[in-house]
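*Asks:* First the structure, then my questions, so here it is.
What follows draws every value from the coordinates through simple rules; no lab data is involved. No experiment lies behind these values; they were computed from the predicted model shown. Cβ: placed from backbone, ideal geometry, glycine included. Neighbour counts: every protein chain shown.
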Amino acid sequence: MDNQFEQSNISFKKHTGKETTAEVLAEIPIAKGNFGEIYYARLKNKGHARNFIIKKYTGGGDTSKGERSPNEIEADARKHAKKALENYALAKEAGLKIFPTFRIGDDEKSILMTAGSSENEACVSANGPLAITDFAGQSLIEDIEDADKFLENFFAEGLKAAKAGLILNGDVFFFILSKNKKPTQMDFVVGDLEGIKKSQPSERTAKKNLEEIRMALFAFCNSNINLHFSRNFLDKVKNHYRKSLEGINKGELK
């Protein structure tokens with residue numbers, strides 16, 4: 001893995017302002033999106049080396065301005081990184097399931113976050129570049145352990161966000177999947193934080209979040225679940241979506 005940073009040492013700052021400097025030992029690109037590029041990175045701090053994800057914002061994603069100067073692109077990259085950190089603080093305050101590490105680099109256009117994937121777990125997004133089959137030795141999911149409990153908790157996350165006045169785009173979610181256990185153990189995290197918008201607590205916000213979760217699960221199913229199990233899984237998704245909507249209509253959001 002090559003080090004793509006201009007310097008081997010880089011400082012990352014938490015949303016609270018606390019700063020930590022680490023040595024970037026190595027990194028490898030894994031994905032590219034509208035707003036930036038994603039890297040696996042190996043960082044060393046206080047004598048300990050650990051794996052993280054670094055997202056480097058490139059200033060893309062906004063074509064409404066037409067052709068932009070290098071300074072404008074640079075400013076947009078910093079704006080996106082700053083917004084992601086601000087959204088992390090909002091999500092943390094709301095009690096949402098987020099990565100424990102989420103910091104902005106001293107270049108002001110990169111974000112350091114927890115690596116969701118490990119030796120025993122794979123981290124995939126609903127419709128992102130990585131699916132479970134992109135991990136060595138993994139096949140499409142045949143069954144999910146406690147699927148109903150997982151779905152209950154997932155839809156409840158959308159309601160929790162709505163109570164805090166947060167709208168969650170379906171792209172914000174990552175799914176954590178066990179590699180070596182059958183049935184597959186599945187969890188989620190709110191991780192791609194550009195997709196959070198501040199709104200008002202309302203039934204409309206809640207229903208928007210539930211719809212985004214429903215669509216994220218459908219997209220996840222298409223890429224990660226085999227045909228034999230997919231119908232059963234999607235029936236469960238529809239059932240939990242319906243129950244959550246019924247709860248909103250009964251005033252459970254208040």
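*Asks:* Quick one: helix 70-94 against the long Cα principal axis of the chain, what's the angle to the nearest 10°, folded into 0 to 90?
*Replies:* Computed tilt is about 50 degrees.
*Asks:* Translational diffusion coefficient, Stokes-Einstein: compute it for segment 121-249 using the Kirkwood radius over C-alpha pairs as Rh, at 25 °C and 0.890 mPa s, and state it as an integer in µm² s⁻¹.
*Replies:* Reported coefficient: 166 µm²/s.
*Asks:* Continuing with this model, one more query. Working out 0.36 nm times the residue gap between Ala136 and His15, then minus their Cα-Cα distance, what length gain in nm do you get to one decimal?
*Replies:* Taking 0.36 nm per residue and subtracting the Cα distance, the gain is 40.0 nm.
*Asks:* Around Ala49, with a cut-off of 11 angstrom between Cβ atoms, what is the net charge of the other residues, counting Lys and Arg +1 and Asp and Glu -1?
*Replies:* Charge balance near Ala49 sits at +3.
*Asks:* Given springs between every Cα pair under 10 Å in a Gaussian network model of the chain, which of Glu119, Glu108, Glu23 has the largest fluctuation?
*Replies:* Among Glu119, Glu108, Glu23, the largest mean-square fluctuation in the Gaussian network model of the chain belongs to Glu119.
*Asks:* Also, I was wondering about something else. Suppose the chain between Asn232 and Glu86 were pulled fully straight at 0.36 nm per residue; how much longer would it get relative to their current alpha carbon spacing?
*Replies:* That works out to 48.7 nm of additional length.
*Asks:* Between Lys243 and Ser202, what is the FRET efficiency for a Förster distance of 25 Å, r being their Cβ-Cβ separation, to the nearest 0.05?
*Replies:* 0.80
*Asks:* Anyone know which of Arg204, Arg42, Arg78 comes out most mobile in the 10 Å Cα GNM of the chain?
*Replies:* In this elastic network of the chain, the residue with the biggest mean-square fluctuation among Arg204, Arg42, Arg78 is Arg204.
*Asks:* Continuing with the same structure: Would you calculate the convex hull of the Cα atoms in the chain and tell me its volume per residue in Å³?
*Replies:* Roughly 136 Å³ of hull volume per residue.
*Asks:* Name the residue, out of Asn222, Asn209, Asn127, whose mean-square fluctuation peaks in a Gaussian network model built on the chain with Cα pairs under 10 Å.
*Replies:* Asn222
*Asks:* In addition: If you line up the long axis of helix 147-163 against the longest principal axis of the chain, both from Cα atoms, how many degrees apart are they, to the nearest 10?
*Replies:* In the chain, helix 147-163 runs at an angle near 70 degrees to the longest axis.
*Asks:* Within the set Lys13/Lys44; Lys18/Lys97; Lys208/Lys238; Lys18/Lys56, which residue pairs have Cα atoms separated by over 25 Å?
*Replies:* Numbers: Lys13/Lys44 16 Å; Lys18/Lys97 21 Å; Lys208/Lys238 15 Å; Lys18/Lys56 20 Å.
From Lys13/Lys44; Lys18/Lys97; Lys208/Lys238; Lys18/Lys56, over 25 Å: none.
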